[in-house]
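To start, the structure under review is shown below, and the notes come after it.
The values are calculated or read from the model by the stated rules, or taken from the named source; none is laboratory data. These numbers were taken from a predicted model, which means no experiment stands behind them. Here the Cβ positions follow ideal geometry from the backbone for every residue, glycine too, while neighbour counts run over all protein chains shown.
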Amino acid sequence: MSTAKRKAAAKNSSASRFLNYPRKNKKGWTRWLPSARLWGFGLLGAFLLAIAGFTIGYALTPIPEPNAEAAGQTSHVYYKGGKDVIGTFKDQNREILKPEEISPNMAYAAQAAEDKTFYENRGISIKGIFRAAVGIITNDYAGGGSTITQQYVKNYYLTNEFSLQRKVKEMFIAIKLDQELSKDQIMANYLNTIYLGRRSYGVQVASQSYFHKDAKDLTVEEAAAFAAMIQTPGAQDPAEDPSRLQERFDYVIDNMVDLGYLTQEQADKVELPEFQKPKSDNERKGQTGYLMDAVRHELKTAGGLTDEQIDRGGLQIQTGIDKKMMKSAVKSVENLPELKAGMHVGLSSVDPKTGEVRAIYGGKDYFKRMHNASTQDTAQAGSTFKPFTLVAGLENGFTLSDSFTGSAQTFQLPGGGTWTPKNYGGASYGQVTLLKATQSSVNTAYAQLNIDVGPDKTKDVAVRAGLPENTQGLDSNASNVLGTASPTTLQMAGAFATFAAEGVQRTPHFVVEVVNPDGESLYKPDTKGERKFDKNVMAETTYALSRVVQGGSGSYASNLGRPVAGKTGTSNESKSAWFVGYTPQLATAVSIFRYDDQDKPIEIGAYGGRGSITGGSYPTIAWTSYMQGAMKGMDVEKFPERGKLPDVEKPKNKSGGSRNAPVQRNYDRPSTKKKEQKKEEKPKETKAPEVEDSNEDSKPDEGDKKEPPKENDKPKEPEKPKPEKPKEPEKPKKPEEPKPDKPKKLDSDS
């Protein structure tokens, strides 16, 4: 055969085979087996492909952002002083600790329970990954076999998704973390993410729940018990049946011996620890829920924080709420007679020097009524609004010695129409000084002052003192002096705190400061305040309001035994009753009001053995009781001395009422000249602003009525107050006990 033919034959022969198949010199099926060389090339290629795939997968798998829930930390809210916790904000109850803040016993126990090679491996277990892959493919994966690093990756970065893709991601991230973080940091991160029952995420919260201690103080027994719980945290609480942990607990202890963390002699002495009973999960009960809601509201509105920051940010929230004062607030309200259906009590206390809220009473129980009686409910202010008109008058040339008509009279209103306000029971006081009109809450005198000075100025003073401009019912009508506006109890406490602070207005706030886990301050309210009123005007106002307590409508408050200034108030038909008062260190407002089923104001009616409620009765009782407990141990401070008022020309007499006529020395005695009184009331009135006047006088046990009281309830002739020594602070009597004829009596108002 020629050379050309042989080449052609060889070419045809090779073309008929693929990769030297079938192999020469082999018979039967063995001709189709790969050669050793082919096996080598194949394995090498597969290995190179695996490396390439791993490299590409490693490079393309970044460390993701943490799972939002897993990264979240519990935020704590503290009472004044930063030691006692009011409550917590959380999605998951968790606190993140640094490695040095966790007991080494806990790290050793976790290693013994979950990953004996933790400190030697590269973050993954090939055997565990292979077993998981097979289980996922066959749909028969029971879990387990993951390293501590892998478990941490799953808890912190990924989810519990049952898929091969998640397992591959877990592997790549675990390898990366093992290279970037120390083993101690990975262990701490892992221990911060594990769930240990009782809604406790991480060892810190679990330590406090099960053993009432911090994680840094865990003993070997306690740490081993936690390690034994990692795989089955949702099982029965160990406090009820510790024996369920025994087998797994022994397993952990034995492994700790194998790892050299315990000697056998030490292990033989180890027993299951004693678990504390779980605390009630109802942490919002009583007043706590009201406080926590108020704090959250402030953090979001004034602090600009989001719910996510509040619930997951691990914030340390310091408040000005005083624990002792809160207890006194609750006690003072609980000592009142049982409230009728629909009745509510608000109590708010503010530090005038800082604006910090020291105490509130939001209601009997947060879970029975979540609406806060101090910060959300509103009630007509009644005569507690008169001090705003008083300030307006003092700023505009009036003095406490100026006199006004204390008898019923008809005023021509600047905008047209007439208005005939009345005193309680139609009483007539003749000419009274502004000081006496304040002390006895003479409606007619204050109506004249308000018209002369301008109702818009009364509104302006109220707003400057701290009431929101959009307060319900706050307008510039002549009747605003009698408290037609409906503020919250906290708003009134804040406004009178401005008086106590000598004219410096500070917005009431619950929060003192918010700090994140890195120590960065996120919110700190201003406590400097802004001067809104002249000091001497404030000193004169305080002097006048102190006379309300010294023989006036709020005389029961003198039982506090220290300088007090304040004002009583009751709305028309006794729908609400107030006492708002202050010392140099504390301003407090107490309101009692009643709503129907639609939260609309209704008459309180008979209450606590009295025909009707007034500001000088139970509100003043509760105020005094609260202040006695709240101010116990505090220095007795005096109010500032009176000074020269601004030299301002008085406005013209717009009301038409008698002004600065000689003051009758018998002005305390209500007029009995019925014929003259009828003549005064005779002029026909055109439509005037609706007035819910707070017909106050200085006599106890009388309510607000448009008509004269019944004969049995008719007020006695007021007597000039006799000077008395202030009593030492004493435990308040039960509300039923004070009698009208006692030296320190309860005075009616409207």
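Yes/no matrix, rows are residues, columns are (1) surrounded by fewer than 24 Cβ atoms within 10 Å (Cβ to Cβ); (2) acidic (Asp, Glu); (3) assigned by TED's automatic domain parsing to the domain that holds Gly483; (4) not in a strand (DSSP E or B):
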position: Glu338; (1), (2), (3), (4): yes, yes, yes, yes
position: Gly346; (1), (2), (3), (4): no, no, yes, no
position: Asp365; (1), (2), (3), (4): yes, yes, yes, yes
position: Ala373; (1), (2), (3), (4): no, no, yes, yes
position: Leu394; (1), (2), (3), (4): no, no, yes, yes
position: Leu400; (1), (2), (3), (4): yes, no, yes, yes
position: Ser407; (1), (2), (3), (4): no, no, yes, yes
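Is it the case that region 448-455 has a residue that's closer than 27 Å to Phe579 by Cβ and surrounded by fewer than 21 Cβ atoms within 10 Å (Cβ to Cβ)? There is no residue in region 448-455 that is closer than 27 Å to Phe579 by Cβ and surrounded by fewer than 21 Cβ atoms within 10 Å (Cβ to Cβ).
I need the full set of residues from region 257-302 which are in a loop (DSSP other than H, G, I, E, B) and aromatic (Phe, Trp, Tyr), in order please. Within region 257-302, Tyr261, Phe275 qualify.
One line per residue, one yes/no per condition, for (1) modelled with pLDDT under 95; (2) of a type in the set (A, V, I, L, M); (3) over 22 Å from Met627 (Cβ atoms):
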| position | (1), (2), (3) |
| --- | --- |
| Glu513 | no, no, yes |
| Lys524 | no, no, yes |
| Lys528 | no, no, yes |
| Leu545 | no, yes, no |
| Ser555 | no, no, no |
| Ala565 | no, yes, no |
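I'm checking my understanding of the structure. Among residues of region 272-316 that are under 11 Å from the mean Cα position of the chain (by Cα) and closer than 30 Å to Ala239 by Cβ, which one is surrounded by the most Cβ atoms within 10 Å (Cβ to Cβ)? Of everything passing the filter in region 272-316, Leu291 is surrounded by the most Cβ atoms within 10 Å (Cβ to Cβ).
If we scan region 184-201, do we find a residue that is in a helix (DSSP H, G or I) and surrounded by fewer than 19 Cβ atoms within 10 Å (Cβ to Cβ)? Yes - at least one qualifying residue is present in region 184-201. A search for C-beta distances below 6 Å between a residue of region 489-515 that is closer than 13 Å to Val357 by Cα and outside the structural domain of Thr542 (by TED's automatic domain parsing) and any residue that is modelled with pLDDT under 95 and crowded, with 24+ Cβ neighbours inside 10 Å, counting only pairs 6+ apart in sequence or on different chains, returns nothing. Screening Asp518 with (1) at pLDDT 95 or above; (2) surrounded by fewer than 18 Cβ atoms within 10 Å (Cβ to Cβ) gives one miss only, at (1). Residues in region 457-479 that are in a helix (DSSP H, G or I) and under 21 Å from Met538 (Cβ atoms): Lys457, Thr458, Lys459, Asp460, Val461, Ala462, Val463, Arg464, Ala465. Within region 288-296, does at least one residue satisfy the condition of being under 22 Å from Gln376 (Cβ atoms) and at pLDDT below 95? So far as region 288-296 goes, no, none of its residues is under 22 Å from Gln376 (Cβ atoms) and at pLDDT below 95. Selection of first residues in region 326-342 that are among the polar types (S, T, N, Q) and of second residues that are assigned to a loop (DSSP other than H, G, I, E, B), restricted to Cβ pairs under 7 Å at least 6 apart or on distinct chains, gives the following pairs, ordered by first then second residue: Asn335/Pro732; Asn335/Lys734; Asn335/Pro735. If the condition is being under 17 Å from Thr301 (Cβ atoms) and aliphatic (A, V, I, L, M), then region 468-520 contributes Leu490, Val511, Val512, Val514. Out of everything in region 73-123 that is aliphatic (A, V, I, L, M) and touching a strand residue (DSSP E or B) at 6+ places or on another chain (Cβ under 6 Å), what residue ends up being nearest to Thr193 (Cα to Cα)? Result: Ile96.
Looking at region 275-285, is at least one residue more than 30 Å from Gly362 (Cβ to Cβ) and in contact (Cβ under 8 Å) with a residue 24 or more places away in the chain? Yes, that holds for at least one residue. Taken over region 355-368, residues that are out of contact with any helix residue (DSSP H, G or I) (no Cβ under 6 Å at 6 or more places or on another chain) and within 15 Å of Thr588 (Cβ to Cβ) amount to 4.
Residues in region 614-622: is at least one polar (S, T, N, Q), in contact with a helix residue (DSSP H, G or I) (Cβ under 6 Å, 6 or more places away or on another chain) and farther than 21 Å from Phe496 by Cα? Checked against the condition, which is being polar (S, T, N, Q), in contact with a helix residue (DSSP H, G or I) (Cβ under 6 Å, 6 or more places away or on another chain) and farther than 21 Å from Phe496 by Cα, region 614-622 yields no hits at all. State yes or no: is Tyr361 at pLDDT below 95 and either within 27 Å of Gly81 (Cβ to Cβ) or crowded, with 23+ Cβ neighbours inside 10 Å (or both)? Answer is no for this residue.
When Ser440, Ser479 are checked against the criterion of being among the small types (Gly, Ala, Ser) and surrounded by fewer than 24 Cβ atoms within 10 Å (Cβ to Cβ), Ser479 stands alone in meeting it.
On inspection, Ala539 qualifies as surrounded by fewer than 24 Cβ atoms within 10 Å (Cβ to Cβ) and either among the small types (Gly, Ala, Ser) or part of a strand (DSSP E or B) (or both).
Within region 261-308, if we keep just the residues that are in contact with a strand residue (DSSP E or B) (Cβ under 8 Å, 6 or more places away or on another chain) and of a type in the set (S, T, N, Q), the residue that is farthest from Ala112 (Cα to Cα) turns out to be Gln287. Screening Glu573 with (1) buried (at least 17 other Cβ atoms within 10 Å of the Cβ); (2) touching a helix residue (DSSP H, G or I) at 6+ places or on another chain (Cβ under 9 Å) gives one miss only, at (2). Here Lys324 passes the criteria (1) assigned to a helix (DSSP H, G or I); (2) surrounded by fewer than 18 Cβ atoms within 10 Å (Cβ to Cβ); (3) within 15 Å of the chain's Cα centre (by Cα) except the one numbered (3).
Of the numbered criteria (1) more than 29 Å from Asp647 (Cα to Cα); (2) crowded, with 21+ Cβ neighbours inside 10 Å; (3) of a type in the set (Gly, Ala, Ser), the one Gly416 fails is (2).
Evaluation of Thr138 against the conditions (1) modelled with pLDDT under 90; (2) hydroxyl-bearing (Ser, Thr, Tyr); (3) surrounded by 20 or more Cβ atoms within 10 Å (Cβ to Cβ) shows that the sole unmet condition is (3).
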